[in-house]
Structures are given as C-alpha cells and as structure tokens.
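Input: a single structure, listed below in structure tokens.
The values are calculated or read from the model by the stated rules, or taken from the named source; none is laboratory data. As the structure is a prediction and not an experimental result, all values here were calculated from the model. Neighbour counts are summed over all protein chains in view; Cβ atoms, including those assigned to glycine, are modelled from backbone coordinates with ideal geometry. Keep in mind that these areas ignore ligands, DNA and RNA; they rest on the heavy atoms of the full protein, side chains included. Shrake-Rupley method; radii C 1.70, N 1.55, O 1.52, S 1.80 Å.
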Amino acid sequence: MSDQTREPARAPEDLAVLFNQRANAGDVEGLVALYEPDAVLAAGRVVATGHAEIRSFYADLLARKSDFPAPETLPPLRNGPLAMTFARLPNGALSVEAAREQADGTWLWAIDQLKIAPPKS
C-alpha cells in the first residue's frame, strides 16, 4: 500500500486508531508514515530517531509480534497545532505522544514515548 492510498490522520486522536490498524496488518511503512521525518520514538532503552530508525524498530517488532489489542485512547490535549495523545495498553502501560498538525491539515507524531510501565502496586 502506498502513502497515497493510506488514510492520513485528520485529527490527533486518529493516530492511535491508524497505528492499531496498521500494526495488526503488519504494515511497517504505514506505521512509519504516522511520524514526522525527524520524529523520535522511545521504547524502554531503545530510542529511534527519524524514519529509517523507526522503520527498523517496527520491522523488528512486527517480526516478533502480530497481535496488537486496541488500547484505551484518552482525549488529546491540544494547543493550536500541537497535541499530546495518550493510550492505555491492555497491560496497563501508557503510551504518550506529541503530535503536530502538518501544513495540509493532517497530523503526525513528532515524539512517541511507548510503554511507560504502570505503577507497581
């Protein structure tokens, strides 16, 4: 599927839905397309910067995992062309992202902090 045929995020809250659909479809390029070209993704000790490193991260992840349950998405916090997006994963971990509105009105993630572990009880 090319970038021209993938539905873009028209609002910051669309990003999590598109992520879940593309991850479950094994669409590495579709996942990369949700990020700005110089975006930063952090997952534990792994930090990926830019499309090439993000592509490598997701190619490795999708090679190991194929089932991504839908997260509980929380309303984004918006300030003009910036938004913080939040998702609670089924295991209780949080994902927090900074999204930015693009010149064409679509939204992409600029910063993605995956898997913030839930507090120990």
Order of exposure, largest accessible area first, which applies to ILE54, ILE111, ILE116 with probe 1.4 Å: ILE111, ILE116, ILE54
ARG10 - accessible surface, heavy atoms, 1.4 Å probe, Å² rounded to 10: 140
The chain, accessible surface, carbon-and-sulfur percent (1.4 angstrom probe): 57
Heavy atoms of VAL47 accessible to a 1.4 Å probe, total area in Å² rounded to 10: 90
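Under 12 Å from the Cβ of SER95, count the other residues' Cβ atoms, weight Lys and Arg +1, Asp and Glu -1, and hand me the total. Don't skip to the answer; put the middle values down first.
On the way: positive: ARG88, LYS115; negative: GLU72, GLU97, ASP112.
For residues surrounding SER95, the net value is -1.
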Residues of the stretch 33-58 with amide N under 15 Å of a point placed 7 Å along Cα→Cβ from GLN113: 40-48
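Tell me, in nm to one decimal, what length is gained between ARG88 and ALA25 on full extension, where the rule is 0.36 nm per residue of separation less the Cα-Cα distance? Don't skip to the end; give the middle numbers.
Numbers: separation 63, 0.36 × 63 = 22.68 nm, distance 2.05 nm.
Contour length minus the Cα-Cα distance gives 20.6 nm.
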Nearest-10 value in Å² for the accessible area of SER95, using the 1.4 Å probe: 10
Candidate residues LEU62, LEU34, LEU74, LEU82: accessible-area rank, largest first, probe 1.4 Å: LEU82, LEU74, LEU62, LEU34
Cα gyration tensor, the stretch 5-121 - rounded (a/c under 1.5), prolate or oblate: rounded
Distance between modelled label sites at ASN79 and ALA11, nm, 7 Å Cα→Cβ extension: 2.1
Whole-number accessible area per residue in Å² for the chain, which is evaluated in the context of all protein chains at 1.4 Å: 58
